[in-house]
Amino acid sequence: MKLHVNILEVKNLKIYFHTSDGIVKAVEDISFEIEKGKVFGIVGESGSGKTLTAVSILKLISWPGKIMGGKILFNETDLLTMDEKALNNIRGSKISLVFQEPASSFNPVFTIGEQIVETVLTHQGVSRSKAKEITFEYLKRCRIEEVKKTFYDYPHQLSGGTKQRAMIAMALVNSPELIILDEPTTALDATIQVQILDLLDEIIHKENLSILFISHNFGIIARMCGRVAVMHKGKIVECRDTKSLLINPKEQYTISLLESVKALSW
Amino acid sequence: MQEFVKNKMAVAASLFILLILIAAILAPVAATCDPSATDSRSVLTPPSKEHILGTDRLGRDIFSRTVYGARISLFIGFIAIGMAVLIGIFIGAMAGYYGGSIDTILMRFVDTMLCFPTIFLILAVISLLGPSIFNIMIVIGATNWMGIARLVRAQVLTLKERDFVAASKVMGAKDSWIILRHLIPNAIGPVLVSATLGIGGAILVESALSFLGIGVQPPTPSWGNILMDGRSTLGVAWWLTVFPGLFILFTVLSYNILGEALRDIAEPRLKR
Amino acid sequence: MVIVKCDRLKKRFFGRAGIVKAVDDVSLEIERAEAFGLVGESGCGKTTLGKIILGVLKPDSGNVILGTKKMQVIFQSSYNSLDPKMNISDILSEGLIIKGTGQGEIKRKVEAALDLVKLPKEALKKYPHQFSGGERQRIAVGRAVLTDPEFIVCDEPVSSLDVTIQLQILNLLKEIQKRFGITYLFISHDLRVIKFMCNRLAVMRYGKVLETGPVDYIYSNPSHPYTRSLLSSHFYDIIKNDASLKL
């Protein structure tokens, strides 16, 4: 038996944008792997290609963006060669995604409860009442205080923090094997942000989840992830375990990024 | 611009408009004959080498009359819509920028103007003041500015909340500076689209009025009254009505296509 | 010497959810040549207070006593704060034209400002959308400095920028303050930025000022529980030295 099982392996991924001014190489030949039960971080500034990498894993890229090459191996099967139907089975059930903007992640015309129940029904083949039960359980697990009220609320009736908790509940509800968190707290106020990060930290360690954590915030990545890749202009500059990267950054870009973060710390 | 070039219809439309414009400006050169010269020897001749679009019952060359008519029709269209744009921007910018009771009064005035059936308003004014090119321009302009006023007001309402306006205020800018330098230049895109669409409409109204005999008065040719001239002889001389009719059709169509193409280009930029 | 004195300012807004007390009985004093921080989360009224001090908004009651008329402002979203239809030359010279400055002096000052914010001369003919976020914010800084202000309100000037760019802009602002002795009112939700820039600060919540004092003192001895939670909320953001990390 292998000691390390990789849940995700990205190999030589290339994503190009075809614009009227020519081809923009948004992601150029990047490779990394995520070990099962570990938190892997990608840190980078805006335009580094980190979000694009995240959404490409579920092939959620639309024209003019196009995946030009590489492999995305999820449990050793290549997601890029899979057909749409098979991919839909994976999306939301085996791999789930939490976006930055909680406001736009929920459909405004359905209640929070209905939307989570719907994802349970799509992927789990249980009765509606059972699905409702599961939804309540996960909302509670994400430390939402008034579970019942939240269940019947529409997205606009919730605060940003509660909405993001509900979003995390929805990401967890089908017990996915991999969760992609794309800037999950960036749109929130600092005091709410720390609550959500505490919650994520707790859930991740309690349930031994495999996570791809994307953020522009080096501090958050450093505290949440065991391994980290630093992205810059579509390329991975450095990819190592977090501790050695922080203590001993090798590349000039990483060094200057860390210096800026430290200069603004107290 | 690249987007525009890709839109073949829009390119064709602009070329057609350009062609008509050049013809109108260079009418004395472009026209093959004097538009009001009668010729009793060639009355109601069908299109031929000499008269490529034929002649009317007084023997006047239809092509030359249409070219000179383009001058009048386009001139009225441009000036009338130009007027509408100026009124619309002024009223809209005032209402949007100052808000409150000024907004309420101006916008109720817009609503009132929109309640009148335009064509009857025009008929009433023309019968009162008498038909002339000047009166027609004024009356078309005065009945077409309301949409533009609403458009400008909506733009100004969002623009005035933007930080560059606040920054300008902090630097001590007067209201007139803010309106002229910041608000109107940023609101002008959709107004131009609307104006382009409006020119087509104005040409139609002018043609309709001239056709009814209360527009441009003969012997001055306009597309509307050339059309009217041909009405009585429609059975024997189809070219009298078909050619000016086609010119009106294609010109109005071209302005509409151009307006819509401009909107396609202007709108994504607005979103950004 | 006090350059800005706010006395019992109040401002209410009428929203869909009823009356919002955006600024509720705020009094504070800003000393000449200091950088005064105004900290709070979204909706706490800090931007409204800034606009009242600038005179862009009128307070319902209370008043602002200003020791200078030479004020300027730098806003958060540099895209929103620069007129997209103006080129950089027009944007920079706007304040001078409004004041009625002569052509020659405008040209000289615009070039000096461009130099100060470290942008090339070619920038003058370009439009805001042709620049990166950091460059646009440099332009906004240049515009603010051009009119020789004594007091600048900086409303979240770096919050939409990447951290390396943040540091560049903050250092630029510091340099400008040192050179010209400008007073800053620095509005931010980010305690890191306040710590880096300011010597005193006020913490705001629900339109009220909870506490005021020197930055070093408040960061080590926060008296209000909200200030404490705000300070601890930056736990994840900061990397001080490698030993402080819980990994």
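Going residue by residue through region A:235-243, is there one that turns out to be outside any helix (DSSP H, G or I), of a type in the set (S, T, N, Q) and within 12 Å of chain C (Cβ to nearest Cβ)? Scanning region A:235-243, I find no residue that is outside any helix (DSSP H, G or I), of a type in the set (S, T, N, Q) and within 12 Å of chain C (Cβ to nearest Cβ), so the answer is no. Scanning region C:117-133 for residues that are assigned to a helix (DSSP H, G or I) and either charged (D, E, K, R) or crowded, with 19+ Cβ neighbours inside 10 Å (or both) gives C:Lys121, C:Glu122, C:Ala123, C:Lys125, C:Pro128.
Here is the figure for region C:28-47: residues that are hydroxyl-bearing (Ser, Thr, Tyr) and modelled with pLDDT of 95 or more total 0. Taking region A:131-147 as the range and being touching a helix residue (DSSP H, G or I) at 6+ places or on another chain (Cβ under 8 Å) and part of a helix (DSSP H, G or I) as the test, the residues that pass are A:Ala131, A:Lys132, A:Ile134, A:Thr135, A:Phe136, A:Tyr138, A:Leu139, A:Lys140, A:Arg141, A:Val147. Confirm whether C:Phe186 is within 20 Å of the chain's Cα centre (by Cα), within 23 Å of C:Asp25 (Cα to Cα) and of a type in the set (Phe, Trp, Tyr). Yes; evaluated as a whole, the condition is true for this residue.
So which of C:Arg143, C:Arg192 ends up being touching a Leu at 6+ places or on another chain (Cβ under 6 Å), part of a helix (DSSP H, G or I) and over 25 Å from C:Leu231 (Cβ atoms)? Result of the check over C:Arg143, C:Arg192: C:Arg143. Check whether at least one residue in region C:202-218 is buried (at least 20 other Cβ atoms within 10 Å of the Cβ), under 14 Å from the mean Cα position of the chain (by Cα) and more than 8 Å from chain A (Cβ to nearest Cβ), and report yes or no. Yes: region C:202-218 contains one or more residues that are buried (at least 20 other Cβ atoms within 10 Å of the Cβ), under 14 Å from the mean Cα position of the chain (by Cα) and more than 8 Å from chain A (Cβ to nearest Cβ).
Within region C:138-160, residues that are farther than 14 Å from C:Phe36 by Cα have Cβ atoms under 6 Å from residues that are hydroxyl-bearing (Ser, Thr, Tyr) in these pairs: C:Ala140/C:Ser78; C:Ala140/C:Ser81; C:Ser160/C:Ser77, counting only partners at least 6 apart in sequence or on another chain. Restricting attention to region A:12-45, which residues are farther than 20 Å from A:Leu79 by Cβ, touching a residue at least 40 places away in the same chain (Cβ under 8 Å), surrounded by fewer than 22 Cβ atoms within 10 Å (Cβ to Cβ) and within 14 Å of chain C (Cβ to nearest Cβ)? Across region A:12-45, the qualifying residue is only A:Glu45. Scanning region C:216-247 for residues that are farther than 30 Å from C:Arg12 by Cβ and modelled with pLDDT of 90 or more yields C:Asp216, C:Tyr217, C:Tyr219, C:Ser220, C:Asn221. Filtering region A:205-220 to residues that are at the interface with chain C (Cβ under 9 Å from one of its Cβ atoms) and assigned to a helix (DSSP H, G or I) leaves A:Phe218, A:Gly219, A:Ile220. Residue pairs whose Cβ atoms lie under 8 Å apart, sitting 6 or more positions apart in sequence or on different chains, and linking a residue in region B:168-188 that is over 12 Å from B:Val152 (Cβ atoms) and within 7 Å of chain C (Cβ to nearest Cβ) to a partner that is surrounded by fewer than 19 Cβ atoms within 10 Å (Cβ to Cβ) and among the small types (Gly, Ala, Ser), are B:Lys169/C:Gly55; B:Val170/C:Gly55. Exactly one residue out of A:Gln195, A:Gln164, A:Gln157 is of a type outside the set (D, E, K, R) and crowded, with 22+ Cβ neighbours inside 10 Å: that is A:Gln164.
Tallying residues that are more than 7 Å from chain B (Cβ to nearest Cβ), assigned to a loop (DSSP other than H, G, I, E, B) and either crowded, with 21+ Cβ neighbours inside 10 Å or out of contact with any Phe, Trp or Tyr (no Cβ under 6 Å at 6 or more places or on another chain) (or both) within region C:85-102 yields 4. The set of residues in region B:51-67 that are in contact with a Cys (Cβ under 9 Å, 6 or more places away or on another chain) and among the acidic types (Asp, Glu) contains only B:Asp61.
Of all residues in region A:116-165, those being in contact (Cβ under 8 Å) with a residue 12 or more places away in the chain and either farther than 21 Å from A:Ile196 by Cα or aliphatic (A, V, I, L, M) (or both) number 14. Taking the stated definitions as given, is C:Leu66 within 18 Å of the chain's Cα centre (by Cα) and either within 25 Å of A:Gln157 (Cβ to Cβ) or within 14 Å of another protein chain (Cβ to nearest Cβ) (or both)? Yes; evaluated as a whole, the condition is true for this residue. Scanning region A:175-192 for residues that are hydroxyl-bearing (Ser, Thr, Tyr), surrounded by fewer than 20 Cβ atoms within 10 Å (Cβ to Cβ) and either touching a residue at least 24 places away in the same chain (Cβ under 8 Å) or not in a loop (DSSP other than H, G, I, E, B) (or both) yields A:Thr186, A:Thr191. Residues in region A:244-266 that are outside any loop (DSSP other than H, G, I, E, B), of a type in the set (A, V, I, L, M, F, W, C) and facing chain C (nearest Cβ under 9 Å): A:Leu246, A:Ile247, A:Leu257, A:Leu258, A:Val261, A:Ala263. Residue count for region C:142-166, restricted to those that are of a type in the set (A, V, I, L, M, F, W, C) and within 16 Å of B:Ala166 (Cβ to Cβ): 5. With a requirement of 2 or more residues that are at pLDDT 95 or above, the helices (runs of 4 or more DSSP H) lying completely within region B:74-180 that satisfy it span B:100-115, B:146-159. Out of (1) of a type in the set (S, T, N, Q); (2) surrounded by 16 or more Cβ atoms within 10 Å (Cβ to Cβ); (3) more than 14 Å from chain A (Cβ to nearest Cβ), what's the single condition that is false for C:Thr164? It fails just one condition, (3).
Listed here are the residues, each with its yes/no results for (1) within 20 Å of B:Thr55 (Cα to Cα); (2) of a type in the set (Gly, Ala, Ser); (3) under 24 Å from the mean Cα position of the chain (by Cα).
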residue	(1), (2), (3)
B:Phe164	no, no, no
B:Ile178	no, no, no
B:Ala208	no, yes, yes
B:Pro218	yes, no, yes
B:Leu227	yes, no, yes
B:Leu249	no, no, yes
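Looking at C:Lys174, C:Lys240, just one residue is part of a helix (DSSP H, G or I) and farther than 13 Å from C:Val39 by Cα, and that residue is C:Lys174.
Scanning region B:18-75 for residues that are of a type in the set (Ser, Thr, Tyr) and more than 22 Å from B:Phe211 (Cα to Cα) gives B:Thr32, B:Ser40, B:Ser42, B:Thr45, B:Ser48. Filtering region C:34-63 down to residues that are out of contact with any helix residue (DSSP H, G or I) (no Cβ under 8 Å at 6 or more places or on another chain) and either exposed (fewer than 15 other Cβ atoms within 10 Å of the Cβ) or more than 15 Å from C:Cys6 (Cα to Cα) (or both), which residue is farthest from the other protein chains (Cβ to nearest Cβ)? Filtering first and then ranking leaves C:Ser61.
Matching residues to (1) touching a strand residue (DSSP E or B) at 6+ places or on another chain (Cβ under 6 Å); (2) of a type in the set (D, E, K, R); (3) closer than 20 Å to B:Ser232 by Cα:
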{"residue": "B:Val11", "(1), (2), (3)": "no, no, no"}
{"residue": "B:Leu26", "(1), (2), (3)": "no, no, no"}
{"residue": "B:Ser36", "(1), (2), (3)": "no, no, yes"}
{"residue": "B:Glu50", "(1), (2), (3)": "no, yes, no"}
{"residue": "B:Gly54", "(1), (2), (3)": "no, no, yes"}
{"residue": "B:Phe63", "(1), (2), (3)": "no, no, yes"}
{"residue": "B:Gly77", "(1), (2), (3)": "no, no, no"}
{"residue": "B:Ala80", "(1), (2), (3)": "no, no, no"}
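The values are calculated or read from the model by the stated rules, or taken from the named source; none is laboratory data. Predicted model only: the values in this text are computed from it and were never measured. Reconstructed Cβ throughout: ideal geometry from the backbone, glycine too, with neighbour counts over all protein chains shown.
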